[in-house]
Structures are given as C-alpha cells and as structure tokens.
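Below: the structure, in structure tokens.
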Amino acid sequence: MNKRILLIGSLDTKGEEFGYVQRMIRDSGDSTLIIDTGIMGDPVLKPDIHASEVAVAGGGTIHELREKKDRARAVDVMMKGVQILVPQLYHKNLFDGVLSLGGGTGTNIATAAMRELPLGVPKVMVSTLASSDVSAFVRDKDIMMLYSIADIAGLNRISRQIFANAVGAICGMVEESVDISTDKPLIAATMFGVTTPCVTRFREQMEKAGYEVVIFHATGSGGRAMEALIDDGYFDGVADFTTTEIADEVVGGFISAGPERLDAAIRAKIPQLISCGALDMVNFFEYESVPEEFRNRNLYKHNPTVTLLRTNTAESKKIGRFIADKLNRAEAPVTLLLPLKGLSEIDKEGLPFYDHVADTMLFDTLKKKLDSHIRVVEVDAHINDTHFSDRAAEEFLKNMKTAGHN
C-alpha cells in the first residue's frame, strides 16, 4: 500500500541529498511530501510547501530573514513554523511518517516538528549530531536518531549508504502497525534496577486482575515520557513506585525528570499509588563526574558509568516536602505507601546505603506535610519484599475502584 513520507529540510543547501532520498522513497513504491526550511536561497529541489509558508507560520517572512541575516532569529522562526504546520498536515492525513537529514540547525528544526507528532508516528532523523547526547532533540518522543557518519554535504559512497538505511527504516516503519485497541485499563508504573522485584510482582498481579501495565525506567527521560503520556490521556492510573528522579531534582543529580515530576497525574485527576523507591540515591556518571562537595559522602559505584550518592537526612527532608507539596493538590484518590525496611536493593541492613535515620526523616516529613485526604500506609517491609508488592496491589485496586474502575 502506497504511503507518504514527509521530508523536512533545507532545500537550498541540501537539495541534492533530499532529491536522492526522494527518488529512493519513490523507487520503494511510496511517495513524498516535502517542506523546505531553507532561508539562504532558492531551493534546489522543488518543495510542496515553500520556506516562505513556513516563515509566515512561524511569525516572520523569508524576505525579512534573508535581509537581516540573523541566524538565531531565522532558526527560531522556521522552528516555530514547522511546529505549527506539521501537526496540521498530519491531522489532515497527508503523511504517514517523517524523515529528515541535517546538521545542527536542520536537526533542531526537524526534531522540533517531530516532537509535535503523536506516539507511534514513524520519525527518523539522520543527523551529524546523533553520535553524541541526543536527549535535547528526542526529549520524551519516539524519534529514531541515525548518525550520518560524514557531513550531509553531497553524495558519496558513505552518505548514499546511510541515506539508504534511513529510507529503508522509514519505509519499513510506515508499513508496520499494531492494534492498540483494548478494553483493559492502562496503568503507568515506574521502575529502577534496584526496585525491579517490587514492580515486576506488581505488574504480574495487575495483569491477572485485568489491567495492562506500561513500565517506565526512572532515568529522567523515563519520567518525562510518562508525564507526557499521562497528559496525552493514555493512562487510567499510576503506580509510581520509583520516585528517584525527584532526589536528583532536589539534590542536583544527573537524571532529574524536572520540577514538573508528579504534576501530570494530578492534572489528569487519575488514581495514584506513590512510593519512595530509590529515594535513597542520587545519580551521577563515572566517579569523576561527582561534584567536589559530595566526594566525602557515602558513594557507591553501581557500574562503570554510574556512581550513586546516598541521600542524607537534610536532603531526605527536602525530598519529602517536594512530594508532599505536589500530592496535596491531588483530587483523585492517592495512597502513599512507605516501605519501612528500605527503599532500594542496596538500602537494607548490612548493605552500603542502609540509613534508617535518613529514611525515617523522609517518612516523618511526608506524614507531617501531607494533608489528611492523602492516605498514608506504612508497611513493615522492604520495598522489594513480596509483602510490600502485595499490599501495593491491594491499595492500588482500592483506589481504582473508588475512581470507578471495577
């Protein structure tokens, strides 16, 4: 079945490359829709949507951008333009997937448009920047980044192969689909390696009860993705066992999900079960990445690229206040489950991060700061104990029933 691929790029400087990609897509039996985002000159390849249209949508004009020669202004205008136009085109069913090629500017513009598209729409970005940290481009979206190896500047035996791979990827993606319709309520849950036994058992129990569970790895990007999908209306409830990203936000670690963590479920007014999984730790990369101020603290080498800092009593108090301030705004049923014998696999008596005093400060702060409408359940168990998982399932199902899910 013929599919249409949206191509986004600067056709004044990369028209030859986009023309090559267009021919390959057509040879595969699909068609293209091309948006020109170039502002330096006339396009080498004829677009379906001209750069002048993109500029107007972004609040400027091509004449102004060319005359002022302000690169930052031009990028901003063209980025805003594609962010407006691309979703409109998708909702008119004018394309099935999107592909772009670019350096720094092209990557910023194209991925800004890709991030406006729903989950599941195929998105492929061939970029000179894809071998480095791409989190700024991907954020919480399902964007595939492909490293271009060579600069996107002409056709050669390397670039042709990379472009062919990209075309194969996007054309294959648009041909595949899955039936995501189901009558099962959908639940979001958070997990870390050090809370896996807890969340795995909970997932198994929820599936037996007729629920579908999507687990997010609480590494900053995982929390942001979950929050975004909650805002998009995907979930009926949240089992937020592993709130460790909040520790990184409060203390200054490397995997914060941002100050908005916990907000989406409150906005969505859906039932929640919250716990303190991995709030005993703050994440850094290799040891050399740990700030000097933390070097004399309790540090644990989790693996060659991750060093963990044990949260102390002062930090635990701040974390407790952060969580309480958020949960107090909730209108839907919320239960906070406290694992009194430890927050992670290494927070057990005799193990490196066991600190009963710090954990107690966290628990006491939460109990003191939470309003009476937030149910607090203390469980005399470690977070990975079977008893804790079972109690979590019981409490979560109560909240779902209260919210009208049988």
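Each value in this text was obtained by applying a stated rule to the coordinates, not by laboratory testing. What you see is a predicted model, and the numbers here were worked out from it, not measured in a lab. So basically every Cβ, Gly included, is an ideal-geometry build from the backbone, and we count neighbours across all protein chains shown.
So for the stretch 4-175, averaging the separation of alpha carbon pairs under 8 Å that are six or more residues apart and normalising by length, what relative contact order in percent results? Present the calculation step by step, with values, prior to reporting the outcome.
Values: 323 pairs, mean separation 38.5, N = 172.
Taking the mean separation of contacting Cα pairs over the length of the stretch 4-175, I get 22 percent.
Cross-link candidates for K14: which aspartates and glutamates have Cα within less than 16 Å, leaving aside residues fewer than 8 places away along the same chain?
Here the aspartates and glutamates satisfying the reach criterion relative to K14 are D36, D42, D48, D151.
Please list, in order, the residues from the stretch 373-399 whose amide nitrogen is less than 20 Å from a point placed 7 Å along the Cα→Cβ vector of H356.
Within reach of a label on H356: 378-385, 388.
Any chance you could run the full-extension gain for V178 through A72? It's 0.36 nm times the residue separation minus the Cα-Cα distance, nm to one decimal.
That works out to 34.1 nm of additional length.
Need the C-alpha centroid separation for the stretch 1-74 versus the stretch 237-267, integer Å.
Spelled out, the Cα-based centre of one part sits 38 Å from the other.
Tell me the net charge near D48. Cut-off is 12 Å between Cβ atoms, D48 excluded, with +1 for each Lys or Arg and -1 for each Asp or Glu.
Around D48, the charge tally is 0.
So what is the calculated 222 nm ellipticity per residue for the chain, using -39500 (n - 2.57) for each DSSP H run with n of 4 or more, over all residues, to the nearest 500 deg cm²/dmol? Could the numbers behind the result be given before it?
Details: 14 runs with 166 residues, N = 406.
Only helices count here, giving -12500 deg cm²/dmol.
Convert 10 °C to kelvin, take the viscosity as 1.306 mPa s, use the Kirkwood radius over C-alpha pairs of the stretch 4-175 as Rh, and evaluate the Stokes-Einstein diffusion coefficient in µm²/s, rounded to a whole number.
So the translational diffusion coefficient is about 101 µm²/s.
Which aspartates and glutamates have a Cα less than 12 Å from the Cα of K401, not counting those fewer than 8 places away in the same chain?
List returned: D236.
Can you put H382, H373, H405 in order of Cβ neighbours within 10 angstrom, beginning with the fewest?
Final ranking by Cβ density, sparse to dense: H373, H405, H382.
With labels modelled as points extended 7 Å from the Cα through the Cβ direction, what inter-label distance (nm, one decimal) is found for R23 paired with R295?
For R23 paired with R295, the spin-label model returns 5.9 nm.
Please give the contour-minus-distance gain from R329 to Q161: 0.36 nm per residue of separation, less the Cα-Cα distance, rounded to one decimal in nm.
So the chain would gain 55.2 nm between R329 and Q161.
Once both axes come from the Cα atoms, what is the angle between helix 356-369 and the longest principal axis of the chain, in degrees from 0 to 90, rounded to 10?
Helix 356-369 sits roughly 80 degrees off the main axis of the chain.
Give me K184, K341 ranked fewest to most by other Cβ atoms within 10 Å of their Cβ, as a rough exposure proxy.
Ordered by Cβ neighbours within 10 Å, fewest first: K184, K341.
Of K208/K398; K80/K123; K46/K68, which pairs sit farther than 21 Å apart, going by alpha carbon to alpha carbon?
Checking Cα-Cα distances, K46/K68 exceed 21 Å.
Just to be sure I understand: of the beta bridges DSSP finds with both ends in the chain, what percent are antiparallel, rounded to 5?
DSSP beta bridges in the chain are roughly 15 percent antiparallel.
Taking θ as phi - 60°, what are the ³J(HN,Hα) couplings along the stretch 41-55 by the Karplus curve (6.51, -1.76, 1.60), each to the nearest whole Hz, with x for Gly and Pro?
Calculated HN-Hα couplings, in order: x, 6, x, 6, 10, 5, x, 8, 10, 7, 4, 5, 5, 5, 4 Hz.
At 0.36 nm per residue, and after removing the present C-alpha to C-alpha distance, how many nm does the segment from K269 to D232 gain when stretched out fully?
Between K269 and D232, full extension yields 12.0 nm more.
By a straight-distance test (C-alpha under 21 Å), which lysines pair with K368 as possible cross-link partners, with residues fewer than eight away in the same chain excluded?
Reachable lysines: K317, K318, K326, K341.
Taking the alpha-carbon centroid of each part, what is the distance from the stretch 109-169 to the stretch 327-406 in angstrom?
So the two Cα centres are separated by 41 Å.
Taking the beta-carbon count within 10 Å as an exposure proxy, list S100, S31, S132 from fewest neighbours to most.
Result, fewest neighbours first: S132, S31, S100.
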